[in-house]
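So the structure is just underneath, and the comments pick up after that.
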Amino acid sequence: MNYGFVKIAAAIPQVKVADCEFNIAQIENIILQAEGKGVEIICFPELSITSYSCQDLFHQKLLMDSAEMALLQLMNVTRSLDIITLIGMPVPYRGTLLNCAIVIQRGRILGIVPKTYLPNYQEFYEKRWFVSGNDVPEGNILLCGQQVPLRHRTLFQTPSCTFGVEVCEDVWAPVPPSSALTLMGAELIFNLSADNDLVDKYTYLKQLLSQQSSRSHCGYVFSSCGAGESTQDVVFGGKALVYEDGHLLAEARRFQLEEQLIITEIDVEKLRACRRLNTTFAANAASFSNEVPFCVQTENVEQKPFDITRPIDPHPFVPEGPELDMRCQEIFDIQTQGLAQRIRHTGAQTAVVGISGGLDSTLALLVCVRTFDLLGLSRRGVVGITMPGFGTSDRTYTNAVNLMKLLDITIREISIKDACIQHFQDLGHDISRHDVTYENSQARERTQILMDAANQMNGIVVGTGDLSELALGWCTYNGDHMSMYGVNASVPKTLVKHLVEWVAAQTKDESTRLTLLDIAGTPISPELIPADEQGDITQKTEDLVGPYELHDFFLYYFLRWGFSPSKIFELARRAFNGSYTDETIKKWLTTFCRRFIQQQFKRSCMPDGPKVGSCSLSPRGDWRMPSDASATAWVNECERLKV
């Protein structure tokens, strides 16, 4: 199975200006390499058979004949190959000359796509030699002994994807041909280019391709010629870029003298999910509903062994490097802004938070403090209530109290032990029986205290639960599940830790910084089961429901892209290779699928909270799901996974 991935390549061959024999030999060699690596579609630069820089030599019949003979040779060489090749050459047509992309497979020319927009400014003079594909009637042409369709809007349909083609300047136009092609069904766009190098041009080009790929929810493969094209006043440094829905997957090194072959996989299944989710795309596509694109069917080929070579990020919610700081800053600002508006709207005088000494309550407290600072209110209006119970450890209790003191908020301590003991007696429940009643009673007692305290102090209860807990249903219904505003509701657990560490890095006070870092290093626990004799945590969440880094990975691909368990498993195997066994991944993926679907009833009535990223489980936002849906299909697929 290829799991919806299409293996593609962008090539930068060595060329000699106007030497078709040399150029085609280099191209053939690269195609054979790509075929051996399982590439399905390969794209070469613009006019790569002749070279782009021929200028008035394009008027020479000998060059045109040489180009056709070179193409014929390439067709013979690739007659037994499954790979689809996109190559550039000049094509005489009805008394004109067109700058074209030729699409070939198994010795057959599938189609010819002429360039639409010809640059004729600054160093470019293409209209001296070529005419636009818009200026000639579409039709068939005899090339290399074959009758071939020549159309500027052509969709090529393979067993795995639908792709379209544009040439160089086309993508620089205000409305590129690829915009129409994608709206008519193209999932991948290939651009054969001859893009010279200037200061800052590469940066702009990357922005342009990223935006076009993102706006059109497509894969975009760009291949531009290299050093051999450099002549007279222009330099071509060689560019190969591959984007998927705006994200850069791979790029070549510029200014190399040798050939380059960039290979990666584009996830077409993800692109299809993007388009289904984005109703604006469908609405825009409706404007092209009366246009019937010319479609070419490629050859059906035997499925070959497939391997994913692109890196799979094990922490999709957590970027790396400077972007992580920017992500944390933006999330913190969104949380703060949301809470500030809720406090202003309700006229609340206090924000009440249950402080456990764990990650989630720490982040919620930090958001409250920042919000009160933003509103110009005294931090004493933030009321932190620590509620020690049977499972509270010395470490978390100490951190909770120390942090509240360091942040100079109002501190209240209300033990839940006596109230729970009385509750167990009223229920006739054996206190030594540490079952779900024992645990949930404590969570609900804490929530009752918070709610009543908020009423007492004209405040609102700020919830602490995060996205990962909501996904797993790892919260007590009408206990920690409930609040008056949940600031962490769409922040995944793996990112909560980084947010706390980020705030610690911004903190000037050393004691506060060290306390935050110790909280970030504390095992995650609901602390509902008594601590051990040393006062340490005995109930560790990740031992019970699985590692959060796995669950956040599952959640991202399940919720954001709608992937099946089998595909998520395959991606997880690669992302966590060396960290978790296949058996472990299968076990917790099964747990995730079962719990995610069975626990929807908790999400159906979750409190308000700010959406901060691409994934949210609010029933008023991203996720609307029946509470009584069956998990059978997902769990059965998990159980069938081979490890």
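Annotation note: Cβ proximity below 8 Å between a residue of segment 561-580 that is hydroxyl-bearing (Ser, Thr, Tyr) and a residue that is surrounded by fewer than 19 Cβ atoms within 10 Å (Cβ to Cβ) and outside any helix (DSSP H, G or I) (sequence gap 6+ or interchain) occurs for Ser566/Met1; Ser566/Tyr3; Ser566/Leu641.
Identify, please: which residue in segment 310-361 is more than 27 Å from Ile524 (Cα to Cα) and of a type in the set (A, V, I, L, M) and is, among those, farthest from the chain's Cα centre (by Cα)? For segment 310-361, the residue satisfying everything is Ala348.
Conditions (1) touching a helix residue (DSSP H, G or I) at 6+ places or on another chain (Cβ under 9 Å); (2) polar (S, T, N, Q); (3) modelled with pLDDT under 95, marked per residue:
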| site | (1), (2), (3) |
| --- | --- |
| Ser378 | yes, yes, no |
| Asp394 | no, no, yes |
| Ser415 | no, yes, no |
| Gly459 | yes, no, no |
| Leu470 | yes, no, no |
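Suppose the filter is within 15 Å of Arg370 (Cα to Cα) and either in contact with a helix residue (DSSP H, G or I) (Cβ under 7 Å, 6 or more places away or on another chain) or modelled with pLDDT of 95 or more (or both); does Ala348 pass it? For Ala348, the condition - within 15 Å of Arg370 (Cα to Cα) and either in contact with a helix residue (DSSP H, G or I) (Cβ under 7 Å, 6 or more places away or on another chain) or modelled with pLDDT of 95 or more (or both) - is not met.
Against the criterion of being in contact with a Leu (Cβ under 7 Å, 6 or more places away or on another chain), touching a residue at least 60 places away in the same chain (Cβ under 8 Å), over 30 Å from Ser80 (Cα atoms) and part of a helix (DSSP H, G or I), Phe317 does not qualify. Residues in segment 281-313 that are over 17 Å from Gly185 (Cβ atoms) and not aliphatic (A, V, I, L, M): 12 in all.
Among the candidates Leu118, Leu142, Leu155, the residue that is assigned by TED's automatic domain parsing to the domain that holds Ser216, in contact (Cβ under 8 Å) with a residue 40 or more places away in the chain, more than 18 Å from Ser53 (Cα to Cα) and not hydroxyl-bearing (Ser, Thr, Tyr) is uniquely Leu155.
Of everything in segment 281-331 that is β-branched (Val, Ile, Thr) and at pLDDT 95 or above, the residue that is farthest from Glu501 (Cα to Cα) is Ile312.
Comparison of Thr447, Thr476 shows that the only residue that is among the hydroxyl-bearing types (Ser, Thr, Tyr) and outside any loop (DSSP other than H, G, I, E, B) is Thr447.
Glu126 fulfils the conditions (1) among the acidic types (Asp, Glu); (2) farther than 20 Å from Cys295 by Cβ; (3) at pLDDT below 95 except for a single criterion, (3).
Here Ser80 meets the list (1) under 26 Å from Ser179 (Cβ atoms); (2) in contact (Cβ under 8 Å) with a residue 24 or more places away in the chain; (3) not basic (Lys, Arg) almost entirely, failing just condition (1). Condition check for Ala240 on (1) within 30 Å of Ala283 (Cα to Cα); (2) surrounded by 24 or more Cβ atoms within 10 Å (Cβ to Cβ): one failure, at (1).
Does segment 97-104 contain at least one residue that is farther than 24 Å from Phe22 by Cβ and within 34 Å of the chain's Cα centre (by Cα)? No, the conditions are met nowhere in segment 97-104. So, in segment 163-202, of the ones that are touching a residue at least 40 places away in the same chain (Cβ under 8 Å) and of a type in the set (S, T, N, Q), which residue ends up nearest to Cys218 (Cα to Cα)? Within segment 163-202, the match that is nearest to Cys218 (Cα to Cα) is Ser178. Just one residue in the set Cys368, Cys420 is more than 40 Å from the chain's Cα centre (by Cα), modelled with pLDDT of 95 or more and surrounded by 17 or more Cβ atoms within 10 Å (Cβ to Cβ); that residue is Cys420. Scan segment 179-238 residue by residue and report those that are basic (Lys, Arg) and within 21 Å of Thr162 (Cβ to Cβ). Once the filter is applied, which keeps residues that are basic (Lys, Arg) and within 21 Å of Thr162 (Cβ to Cβ), segment 179-238 yields only Arg215. Comparison of Ala575, Ala505 shows that the only residue that is of a type outside the set (D, E, K, R) and either assigned by TED's automatic domain parsing to the domain that holds Thr437 or surrounded by 23 or more Cβ atoms within 10 Å (Cβ to Cβ) (or both) is Ala505.
The set of residues from segment 203-249 being of a type in the set (A, V, I, L, M, F, W, C), outside any loop (DSSP other than H, G, I, E, B) and closer than 23 Å to Leu181 by Cα comprises Leu205, Leu208, Leu209, Val221, Phe222, Ala240, Leu241, Val242, Leu248, Leu249. Note on segment 267-312: among residues that are among the β-branched types (Val, Ile, Thr) and assigned to a helix (DSSP H, G or I), the one that is nearest to Cys161 (Cα to Cα) is Val268.
Given (1) in contact (Cβ under 8 Å) with a residue 12 or more places away in the chain; (2) surrounded by fewer than 22 Cβ atoms within 10 Å (Cβ to Cβ), identify the lone condition not met by Leu495. For Leu495, the failing item is (2).
Among the helices (runs of 4 or more DSSP H) confined to segment 527-643, the ones with at least 2 residues that are touching a Ser or Thr at 6+ places or on another chain (Cβ under 8 Å), of a type outside the set (Asp, Glu) and under 30 Å from Tyr485 (Cα atoms) are located at 541-545, 548-555, 600-603. Taking (1) touching a Pro at 6+ places or on another chain (Cβ under 8 Å); (2) in a helix (DSSP H, G or I) in turn, Asn455 satisfies each apart from (1).
The values are calculated or read from the model by the stated rules, or taken from the named source; none is laboratory data. Only a predicted model underlies this, so the values are computations on that prediction, with no experimental measurement involved. Please note: Cβ atoms are built from the backbone with ideal geometry, for glycine as well, and neighbour counts cover all protein chains shown.
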